[in-house]
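Data first, discussion second: the structure below is written as structure tokens.
The values are calculated or read from the model by the stated rules, or taken from the named source; none is laboratory data. As the structure is a computational prediction, the values presented were derived from the model and not from experiment. Positions of Cβ are generated from backbone atoms using ideal geometry, with glycine treated the same way; all protein chains shown enter the neighbour counts.
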Amino acid sequence: MLIDTIRRSPNGVSRVELVEATGLSPQTISNIVRRMIDARMIVEGERLRDGGMGKPRTLLRLDPTGAYAVGVHLDPRVMTFVLLNLHGHVIRHMSRATPTAAAPDDVLAQVHEAVRSLVDDAGIERTRLTGIGFASPGPIDVERGIVLDPPHLPGWRNVPLRDQLTRLTGLPVLLDKDVVAAAVGERWAGASLGYRTSVFLYLGTGIGTGVVVDDYVVRGVSGNAGDIGHLMVAPDGPPCSCGARGCVGVTLSPAGIVSQAVAAGVLPETSGSEDPALADAALNRLSALAAGGNPTALEVLRTSAGFLARTAKTLVNLVDTEILVLGGPTWTLLAPYWLDEVSNLVREGLVRGDLGALTVAGTALGEDVGAIGAASLVLDHAFTPRPTAFVLN
Ligand SMILES: [Zn+2]
């Protein structure tokens, strides 16, 4: 990630250092740097001599106003939009409810409209816009830019999202899986900034994970890595679409947690575990009861923290990670009751023992994490040499 390397060097970085950091050839780095200078994305600064007689090194810095990217995160409940500058700072932010009954075409028309108003409000030159990064629930076809059939997005089946959104906006579009984008966003600007190996655990309508190992974002063969929804956490838990019981996806969905609260008698039977909007409202009610000190509500949340910790332990030990970051709408709501409990349980279950510290943290980017990640992927792709180059137009 070339831009990332320059961005992380506030005092500037030389071409030689970029060669060392990226493993690319001096010629490739020189070509990319030339293109970026021409595109006004980086500026040359001081020239440094290393004492000897060699050629002085010229320090390169990003011009934050040199390029921007839009990030969109489509969650089944909420759409989040950000406009990111080259420093990775959010210039504009917007969110709106995902229309539940609308056809994908109508949703994409709304996305187009939202992107346009985001860019207009910021008053940036349209030519400075590198593209749109779109984070979608999986499964997706990354190569062809198609949303296949995410379980929580009814009506979305084989939607050629990349081509359709490119046609609407006239901008290059990059489609990636939501949890992959979130892991990238957290690494780019959030809690896992500076960590080479990290696990991001997303808790929303669906549950998934994004993994970065030695600075390499794990996408898998098809770009759909991180689907952990069927890890079993509760042997007597609710039935799952896969035929098993107590999979983490159904157990820790808003509806799943609400069911536990209903069974414990702290929420009324009518709280509704079928309707997502009702389940969200009931989860807010449960959180409010816990905030008021209701012992049964607190006990329900302690139990669910245990289920979450089982999944988290598996992931932490599988990857042998330095940091676990938790985020997503459900996490944001319940973090006050979950963070310490999950953190303690995961540490107790750490197979490597004291052979390396583990940081457990909540997201530093809130609901923007997926959108920030998607936008940062666009900025990085624009200047990453690869056979199917994503061209800056
Ligand atoms: Zn299952």
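If a residue must be within 9 Å of the ligand (Cβ to nearest atom) and either of a type in the set (Ser, Thr, Tyr) or surrounded by fewer than 23 Cβ atoms within 10 Å (Cβ to Cβ) (or both), how many such residues does region 245-268 contain? I'd like the intermediate steps shown before the answer.
Applying the first criterion (within 9 Å of the ligand (Cβ to nearest atom)) to region 245-268 yields 245-250.
Then drop every residue that is not either of a type in the set (Ser, Thr, Tyr) or surrounded by fewer than 23 Cβ atoms within 10 Å (Cβ to Cβ) (or both), which leaves 245-246.
Here the count works out to 2.
Taking the condition of being more than 21 Å from Leu153 (Cβ to Cβ), surrounded by fewer than 20 Cβ atoms within 10 Å (Cβ to Cβ) and within 26 Å of the chain's Cα centre (by Cα), how many residues in region 226-244 meet it?
Counting residues in region 226-244 that are more than 21 Å from Leu153 (Cβ to Cβ), surrounded by fewer than 20 Cβ atoms within 10 Å (Cβ to Cβ) and within 26 Å of the chain's Cα centre (by Cα) gives 2.
Consider His87 carefully, then state whether it is over 16 Å from Ala374 (Cβ atoms), in contact with a helix residue (DSSP H, G or I) (Cβ under 7 Å, 6 or more places away or on another chain) and surrounded by fewer than 19 Cβ atoms within 10 Å (Cβ to Cβ). Break it down into steps so the answer makes sense when it comes.
Values: over 16 Å from Ala374 (Cβ atoms): yes; in contact with a helix residue (DSSP H, G or I) (Cβ under 7 Å, 6 or more places away or on another chain): yes; surrounded by fewer than 19 Cβ atoms within 10 Å (Cβ to Cβ): yes.
Yes; evaluated as a whole, the condition is true for this residue.
Which of the residues belonging to region 200-218 are part of a strand (DSSP E or B) and farther than 19 Å from His73 by Cβ?
Restricting attention to region 200-218, the residues satisfying the condition of being part of a strand (DSSP E or B) are 200-203, 207-213, 216-217.
If the condition is that a residue be part of a strand (DSSP E or B) and farther than 19 Å from His73 by Cβ, then Val213, Tyr216 are the ones that fit.
Among (1) buried (at least 18 other Cβ atoms within 10 Å of the Cβ); (2) within 20 Å of Tyr202 (Cα to Cα); (3) away from the ligand (no atom under 16 Å from the Cβ), where does Tyr216 come up short?
All conditions pass for Tyr216, except number (1).
Mind listing whichever residues of region 95-114 are surrounded by 16 or more Cβ atoms within 10 Å (Cβ to Cβ) and among the aliphatic types (A, V, I, L, M)?
Those that are surrounded by 16 or more Cβ atoms within 10 Å (Cβ to Cβ) and among the aliphatic types (A, V, I, L, M): Val107, Leu108, Val111, Ala114.
Please go through (1) over 26 Å from Ala371 (Cβ atoms); (2) in contact (Cβ under 8 Å) with a residue 24 or more places away in the chain; (3) outside any strand (DSSP E or B) for Gly45 and return the number of the only condition it doesn't satisfy.
(3)
On the given criteria, is Val250 assigned to a helix (DSSP H, G or I) and among the hydrophobic types (A, V, I, L, M, F, W, C)? Can you show your working first?
On the way: assigned to a helix (DSSP H, G or I): yes; among the hydrophobic types (A, V, I, L, M, F, W, C): yes.
Judged against the criteria, Val250 is a match.
Filter region 281-335 down to the residues that are more than 28 Å from Val184 (Cβ to Cβ) and outside any helix (DSSP H, G or I) and list them by number.
Initially, region 281-335 is screened for residues more than 28 Å from Val184 (Cβ to Cβ), giving 281-282, 284-303, 306.
Residues satisfying the conditions are Gly292, Gly293, Asn294.
Yes/no per residue for (1) farther than 30 Å from Val147 by Cα; (2) not hydrophobic (A, V, I, L, M, F, W, C); (3) not assigned by TED's automatic domain parsing to the domain that holds Val378:
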site: Ile6; (1), (2), (3): yes, no, yes
site: Leu24; (1), (2), (3): yes, no, yes
site: Glu46; (1), (2), (3): yes, yes, yes
site: Leu86; (1), (2), (3): no, no, no
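Taking region 219-244 only, how many residues are among the acidic types (Asp, Glu) and either part of a strand (DSSP E or B) or within 11 Å of the ligand (Cβ to nearest atom) (or both)? Break it down stepwise before answering.
Going residue by residue through region 219-244, those that are among the acidic types (Asp, Glu) are 227, 236.
Adding the requirement that they be either part of a strand (DSSP E or B) or within 11 Å of the ligand (Cβ to nearest atom) (or both) leaves 227.
Matching residues across region 219-244 total 1.
Within region 95-118, can you find the residues that are under 22 Å from Gly66 (Cα atoms) and touching a helix residue (DSSP H, G or I) at 6+ places or on another chain (Cβ under 9 Å)?
Val115, Arg116
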